[in-house]
1. Return a whole-number percent for the relative contact order of the stretch A:33-180, with Cα pairs under 8 Å and 6 or more residues apart as the contact set.
2. Which value in deg cm²/dmol, rounded to the nearest 500, describes the helix-derived mean residue ellipticity at 222 nm for chain B, given -39,500 (n - 2.57) per DSSP H run of n ≥ 4 and division by the residue count?
3. Can you compute the FRET efficiency between residue B:167 and residue B:280 using 1/(1 + (r/R0)^6), with r the Cβ-Cβ distance and R0 = 41 Å? Round to the nearest 0.05.
4. If I take R0 = 30 Å and measure r between the Cβ atoms of residue C:318 and residue C:169 in this structure, what FRET efficiency does the formula 1/(1 + (r/R0)^6) give, to the nearest 0.05?
5. Quantify how much of the Cα-Cα distance distribution of chain C extends past 28 Å, in percent.
6. Do the sum for chain A: with -39,500 (n - 2.57) for every DSSP H run of n ≥ 4, divided by all residues, what is the mean residue ellipticity at 222 nm, to the nearest 500 deg cm²/dmol?
7. If you average 1/r over every pair of different alpha-carbon atoms in the protein assembly as shown and take one over that average, what Kirkwood value in Å do you get?
8. Defining a contact as two alpha carbons under 8 Å apart and six or more residues distant in sequence, what relative contact order in percent does the stretch C:2-330 show?
Ligand SMILES: Nc1ncnc2c1ncn2[C@@H]1O[C@H](COP(=O)(O)OP(=O)(O)O)[C@@H](O)[C@H]1O
Ligand SMILES: [Mg+2]
């Protein structure tokens, strides 16, 4: 028995004349890990921003946990249980790593002590404990990406939206990050991730949705999707199909 | 005075407010710095213009070819020697508050330096057209104010063309949109900052030469204009050139028309009231967008 | 190791407390005690400003509004109705909170600069307003001439004393309470939220922070605290001159200068900045005040300018560097 956690219904947004996301329909089931791929500018990040309320959709609905959350502001959506990372990471530069994560943990508690407790656990899981008292502004790129996930994880989300958290990492760093994401899944967090690194995506996700020009181009298991002619065309151009 | 003359006076004062706001908006748009020294630099321009006029007797409007470059240099040097070091040190700080305070301190230094050097006297460049009027059909307007209106609008127009038609102008706009991308495109961002600050200051020299024939100069004259410029900038929308001009004209009109029907302090209050109203109804101003800055 | 350090700090604090408590015994000249009182008042005002300006990074350049509201409301209530300033200050504080919400509501949804510009313009408006109002109903406001506090002689109920000593202890307590409030806020959820939204509003919203509401709360707390400072000012000086109580140069900008010079966003930065700059200012006024017009403010501006250029993140950063070096040497 599969339980739908997130459902997008005809989700559409226009920026002036540009239709950045066009009638997107998709579902994410509880406990699943779904990949969202597509060429640059396909509208993946915009789709995330629609889900979390940064943009209000021109049309369509976002259903989360059987509740219509369309048009709620980002902070409310976070409280409903959706965490997200930013493609361009946004650490709180003048706060330490622990304080960054604590800021996220405060969603679930008003007590500083409890928030520190939650944050410490998350920090350890994300392998950031050695950076505990470092200012976030002083972190390296891979560390920043991990902090980005840690902040979101500290809000204890049911669904985590990961926006290119593997981009810019070297192969060993990617391996580490994949393990981290897998451990998140094991802890019961549902994952929807945007990724360009296909191998890693295939290692994590059982289902992949392909976006092109704001529209859903294909959907299926990693094997189905990579074998799909339309997808190959979108990525490599007509000549290769 | 007939109603149309009142309107004409309001327009000319408004255009001058707009011009001052233009410098503010430019510097803010490019560097994200609210320049609190804008008023004091206007005072400095007026002082320099006045003393040049008093020494040479040349038509103040012509003096702009001397005062303009002087003020550009002043702005350029201020940016290089005072603002840049702080900006560099604070580059990972989101809002460069220290820089803003630096300009406020600079304003205090300039105003009091002027007080020390020139004393608290009120002076005005009494030219041949200071008190004469011009008849435009049914409307009579003060000549100095009419010329002021024309020159201010002209300066705003030239400034607009400069930003959109010249290489330096494009560099400035590109830096304003995304300083990192601009740097990647080979634009010398620090230099562009200094140039923008210089131009923002040079614009004040135009305001200064059109003001001195009919407006008294004194060390704290800048404060009056700066608050107006702030209101104008918010009214028109931060970073918008047409917004600055239009906002200036609105304030100028409210003041001149208001002064016909009510006490001076009430007129002043009216300006703030309109400001509050706009803030509530359309907080980003007439041409502004909340995400631009 | 930690034990020893703890003991050391406790001794340090206790020593400081004793000195502060004993100051009136040694400083017997009213002028010098007045200077010290003003230092503490400025330290308190900077601490109040720091809640919204430092922690939350929302640049208010109109905090003179709140000192003015604190001072005027309390004095008007006392002069006309005989209401004790100890009660009047809470009404004044409530009015200040209300005003902070009116200013914050339209501007806090926008990016920072709008708020800064709005506070400048609105505070100028308030100054024009105070300068032009003679009376409101039976309440005397005084317009440009200013408002004089009715004196009733030595009286705790009326917050009026013939000696400076009670004022000293009152402002000392107010400052200590202010510092404790700042510390509590900094270590609480609100404090974390304020710093987070200061650093990045989008990232703050993404972890569930209601950006506008938290700014409004910080603004209200700051306004309330500042208004109490205004009340104290009114009781100490007993004469309210609109431009001195509400003015940009004399009030609003001062609080910002002091906080930035000391170190914005820290608990003790504003205290250091407030004490230091008011000492500098008093010192210059004492030696240069009677001379060439403009000289003392010129020098004051120059000193602030130099401190900002040399130490943009505030004097407190120097202490941090020092502490770091010491701890490195110990290891
Ligand atoms: N706020 C916006 N205003 C206008 N256009 C936008 C905005 N955000 C994104 N876009 C456009 O929408 C398209 C999709 O962008 P995005 O979702 O970032 O793509 P990606 O799939 O690479 O994440 C792009 O063409 C982008 O330029
Ligand atoms: Mg993207």
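Quick note: the coordinates plus some simple rules give every number you see, no bench work behind them. Remember, it's a predicted structure, so these values are computed and weren't measured experimentally. When we count neighbours, we look across all protein chains shown, and the Cβ atoms used for this are built from the backbone with ideal geometry, even at glycine.
1. The normalised contact order for the stretch A:33-180 reaches 27 percent.
2. Working: 12 runs with 213 residues, N = 293.
Value at 222 nm, helices only, nearest 500: -24500 deg cm²/dmol.
3. Values: r = 41 Å, r/R0 = 1.01.
Calculated value: 0.50.
4. With a Förster radius of 30 Å, E is 0.45.
5. 44 percent
6. Values: 9 runs with 88 residues, N = 241.
Value at 222 nm, helices only, nearest 500: -10500 deg cm²/dmol.
7. Its Kirkwood hydrodynamic radius stands at 29.7 Å.
8. Rounded, it is 30 percent for the stretch C:2-330.
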